[in-house]
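> Here's a structure for you.
The numbers here are math on the coordinates, done by the rules we state, and not lab data. Because the structure is predicted, anything quoted here is derived from the model rather than measured. Neighbour counts are summed over all protein chains in view; Cβ atoms, including those assigned to glycine, are modelled from backbone coordinates with ideal geometry.
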């Protein structure tokens, strides 16, 4: 990691990324678990690779081995300390670059496609390889011809969108990043694969950046209708016949541990029990009763199962 790597990115982004570096990556380092965490990530990949191998072995033994198209990809990359980041949700190479492997009848074997592609290309490629009727309104492009003859592949601009008017446009040499406030980044991927030097301030590259910006979507869909947020309701319940509550509190959350309510013989009399309820995304007006009464109602239903 280059210590001053974030010095040349736009101010708003630098502030956000420095905060994330301090609150996440530096905490991992402070806990002394950097190497172990990276090893755990690699172990996860190794395990996934082994499971994929089992699936492919089963396919190889099946009657479908000669008429099946295989495509392997992932949803996103992951920073493991690069640029001081730990996690995903950036527009840099580390999180927007994913594997894409193809195999099947008539496709080149053991070849590397020297051209840019995006995940939107998967469906139109499968449509063509499977002889289905093409859909002309798809945003992706079929890679079928290039997969059959990699030498004929042509590079193009492809993009990743993080939010409306916030995206990256890349080809095999350049990565252009545009933020919603108009700030920009530009990296030469061939000479600077770690993306250490932001070239956007150099007027020499203004024409190139304008060209890549023009390849991004001109319009973005309007934000969806705002809905109620998932709410995690937690209440402490005294295990007694009166079902009286010790208290309740509201908080945000998206998962809950297994909960037991009063009356469960696994708990001694008068033992405090924590019940956790994951509420729906509906508006509060559609969820009658106080937080405590909703927990009480949920526990009664659970107890009667």
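> Which of rounded, prolate or oblate describes the stretch 69-165 when judged by the alpha-carbon gyration tensor and an a/c cut-off of 1.5?
Details: a/c = 2.26, a/b = 1.67, b/c = 1.36.
Prolate, because a/c is 1.5 or more and a/b exceeds b/c.
> Can you tell me, using C-alpha contacts under 8 Å and at least 6 residues apart, the relative contact order of the stretch 1-109 as a whole percent?
The value is 30 percent.
> In whole percent, what relative contact order does the stretch 78-165 give with Cα contacts below 8 Å and a gap of six or more residues? Before the final figure, lay out each step's value.
Numbers: 93 pairs, mean separation 25.7, N = 88.
Reported relative contact order: 29 percent.
> Right, something else. Kindly identify the stretch 5-120 as rounded, prolate or oblate by the Cα gyration tensor criterion: order the square roots of the eigenvalues as a ≥ b ≥ c, call it rounded if a/c is under 1.5, otherwise compare a/b with b/c, prolate if a/b is larger, else oblate.
Oblate shape, in that a/c is at least 1.5 and b/c is the bigger or equal ratio.
> With a/c under 1.5 counting as rounded, go ahead and sort the stretch 129-170 into rounded, prolate or oblate using the C-alpha gyration tensor (a ≥ b ≥ c being the square roots of the eigenvalues; past the cut-off, prolate if a/b is larger than b/c, else oblate).
oblate
> A further question follows. Which order do the peptides 122-129, 202-209 come out in when sorted by mean C-beta neighbours inside 10 angstrom, highest first?
Numbers: 122-129: 18.1, 202-209: 12.1.
The peptides rank, most packed first, as 122-129, 202-209.
> Fully extended, how many nm does the chain gain between residue 204 and residue 30 (0.36 nm per residue separation, minus their Cα-Cα distance)?
Value of the extension gain: 58.5 nm.
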